[in-house]
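K.L.:
One structure, as structure tokens, below. Some questions next.
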Amino acid sequence: MPFRFVHTADLHLDSPLRSLALRNADLAEIVRGASRRAFVKIVDLCIAEKVDALLIAGDLYDGSQTSMNTALFLGRELRRLDETGIRTFIIRGNHDAQSQVTNELTLPPSAHVFKGRSKAVLAKTLASGRDVYVHGVSFASPHAPESLLPAFQPPTPGALNIGMLHTSLAGASGHDPYAPCSTGDLVAHGFDYWALGHIHQRQIHATAPFVVMPGIPQGRDVNEAGVKSVTLVAFDDDGRAEIAELPIGIASFERLSVDISGLSEWRDVLDAVKQALVRVSTDTLAENVILRVTLTGATSLAWRLRRDADLLRAEIDNIAAGIVVCWIEKLDLACSNPMVEKTGAMLDPVDELVALVEADVLPAHGFRQEVRAAVEDLLQQLPPELRQVLAPDEDAIERLAFEASASGGTEVLAHLHGGGAGEGQH
């Protein structure tokens, strides 16, 4: 019989909600439980596929916020695998190293958690007599600025060798360096498959041997958009590997842009949004699709849409509710008002003010510095965990300041415009 296993990583069980826009209690409950349900689905998949093992390449937990309840849930699911004869191999990532319960949980005998130095663990002996060994190295602390590759033993001669490593590889945008190493270094080590973790976007870095980053199995906000997956791997008796991507995500975050150019009736805007929601909901492979909707294009309704944004959001929420699997996480308005010349070649005074604000006020260094100072002052009044979500780095503070000034100015100007073009019944 061949050796078959499921490779996953970065489950971040019970990760706290990262989107402040999730004010809908039902939607918040879906997102809050999505990581657990995704793991249940992974265990179900392992049992249905009758694999030999589940490999979890780090970050089962989400750092110091982990509760014993989370750990007990993990133990129950791993016992389901144990009862069906499926092995589990786990390495600890940077978030697991922060957890207070990581060392307290008793796992079933079929689950092996690797320590800080690699050890070759026999996973199976194939019908040909060839052994399969799994090697792994765990994080001992939340930081690993140096490569962990030297901690691995050489491949066991004559066997199939599978390595597990939590790493940022040569670096990735938005990620600090963790156990850095190159794909070439991994390939040269001589293992037959590298099961990686840490980067939340799935990527196959090499195919001979396979070096696979499976990605996060359940996205947590719109920055982890799309249906997520795990990787199913099968080795034959000759040591040849085949891999397949299997979708897992319970909830899929998506960005949806709806062009409303030229529309002049409120009902037409709602119809355009409904068509887009139906289309994306029909195409999704996830149980729920959570959308950040952006309305774009030039329309005479732009001012009214901004002025009555609360009403617009309520109507779009009602449309989404009728589609069952569809949820609105946030509504952004990026539409513009056409600059129509009035009789006598004079512009609407509010339109002139818009042009002045966009051309002279928003780009001004002094204005942006004042807005940034106000944003930084507001951040200091928030709990530390919310500050980390909103502004994890310097660039994020700059973006917050820009978005606050741009959207705030637009809202004020929309109310100044009052009952302009497009006003009417709906």
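K.L.:
Do we find a residue being touching a residue at least 40 places away in the same chain (Cβ under 8 Å) and in a helix (DSSP H, G or I) anywhere in the stretch 46-57?
P.N.:
Yes, the conditions are met somewhere in the stretch 46-57.
K.L.:
All but one of (1) closer than 30 Å to Leu196 by Cα; (2) open to solvent by 20 Å² or more (accessible area, probe 1.4 Å) hold for Thr282, so report the exception by its number.
P.N.:
Here Thr282 meets the rest and fails (1).
K.L.:
Next question. Determine whether the stretch 169-185 contains at least one residue that is in a strand (DSSP E or B) and either among the β-branched types (Val, Ile, Thr) or at pLDDT 95 or above (or both). Working first, answer last.
P.N.:
Restricting attention to the stretch 169-185, the residues satisfying the condition of being in a strand (DSSP E or B) are none.
No: zero hits.
K.L.:
Leu160 passes all but one of (1) in contact with a strand residue (DSSP E or B) (Cβ under 7 Å, 6 or more places away or on another chain); (2) at pLDDT below 95; which number fails?
P.N.:
Leu160 satisfies every listed condition except (2).
K.L.:
A further question on this structure: Taking the stretch 280-304, which residues are over 24 Å from the mean Cα position of the chain (by Cα) and not aromatic (Phe, Trp, Tyr)?
P.N.:
Our first condition is that a residue be over 24 Å from the mean Cα position of the chain (by Cα); within the stretch 280-304, this holds for 296-304.
Thr296, Gly297, Ala298, Thr299, Ser300, Leu301, Ala302, Arg304, listed by residue number.
K.L.:
Please determine, by comparing only the residues of the stretch 246-279 that are within 30 Å of Ala48 (Cβ to Cβ) and open to solvent by 20 Å² or more (accessible area, probe 1.4 Å), which one is farthest from the chain's Cα centre (by Cα). Don't jump to the end; show me each part of the working.
P.N.:
Taking the stretch 246-279 as the starting set, the residues that turn out to be within 30 Å of Ala48 (Cβ to Cβ) are 246-254.
Narrowing further to those that are open to solvent by 20 Å² or more (accessible area, probe 1.4 Å): 246-247, 254.
On the way: Leu246: 17, Pro247: 14, Glu254: 10 Å.
My answer is Leu246.
K.L.:
Would you say Ile204 is within 19 Å of the chain's Cα centre (by Cα) and of a type in the set (Val, Ile, Thr)?
P.N.:
yes
K.L.:
Report yes if Thr231 is crowded, with 20+ Cβ neighbours inside 10 Å, at pLDDT below 95 and β-branched (Val, Ile, Thr), otherwise no.
P.N.:
Numbers: crowded, with 20+ Cβ neighbours inside 10 Å: yes; at pLDDT below 95: no; β-branched (Val, Ile, Thr): yes.
It is false that Thr231 is crowded, with 20+ Cβ neighbours inside 10 Å, at pLDDT below 95 and β-branched (Val, Ile, Thr).
K.L.:
Could you run through the stretch 39-56 and say how many residues are more than 25 Å from the chain's Cα centre (by Cα) and open to solvent by 30 Å² or more (accessible area, probe 1.4 Å)?
P.N.:
Looking only at that region, the number is 5.
K.L.:
Among (1) farther than 16 Å from Leu256 by Cβ; (2) surrounded by fewer than 22 Cβ atoms within 10 Å (Cβ to Cβ), there is one condition Thr294 misses while meeting the rest; what is its number?
P.N.:
Answer for Thr294: the failing condition is (1).
K.L.:
Within the set of pairs 6+ apart or on separate chains, which have a first residue in the stretch 98-122 that is open to solvent by 20 Å² or more (accessible area, probe 1.4 Å), a second that is at pLDDT below 80 and among the aliphatic types (A, V, I, L, M), and C-beta atoms under 9 Å apart?
P.N.:
Gln100/Met68; Glu104/Met68; Leu105/Met68; Lys115/Ala140; Gly116/Ala140
K.L.:
Right, Arg87: open to solvent by 10 Å² or more (accessible area, probe 1.4 Å), modelled with pLDDT of 95 or more and in contact with an Asp or Glu (Cβ under 9 Å, 6 or more places away or on another chain) or not? Spell out the reasoning first.
P.N.:
Numbers: open to solvent by 10 Å² or more (accessible area, probe 1.4 Å): yes; modelled with pLDDT of 95 or more: yes; in contact with an Asp or Glu (Cβ under 9 Å, 6 or more places away or on another chain): yes.
Against the criterion (open to solvent by 10 Å² or more (accessible area, probe 1.4 Å), modelled with pLDDT of 95 or more and in contact with an Asp or Glu (Cβ under 9 Å, 6 or more places away or on another chain)), Arg87 qualifies.
The values are calculated or read from the model by the stated rules, or taken from the named source; none is laboratory data. Not measured: the values here are computed from a predicted model. In this analysis, Cβ positions are derived from the backbone assuming ideal geometry, glycine residues included, and neighbour counts consider all displayed protein chains. The protein model used for the area step is the full one, side chains on, heavy atoms only, and it has no ligands, DNA or RNA in it. Shrake-Rupley method; radii C 1.70, N 1.55, O 1.52, S 1.80 Å.
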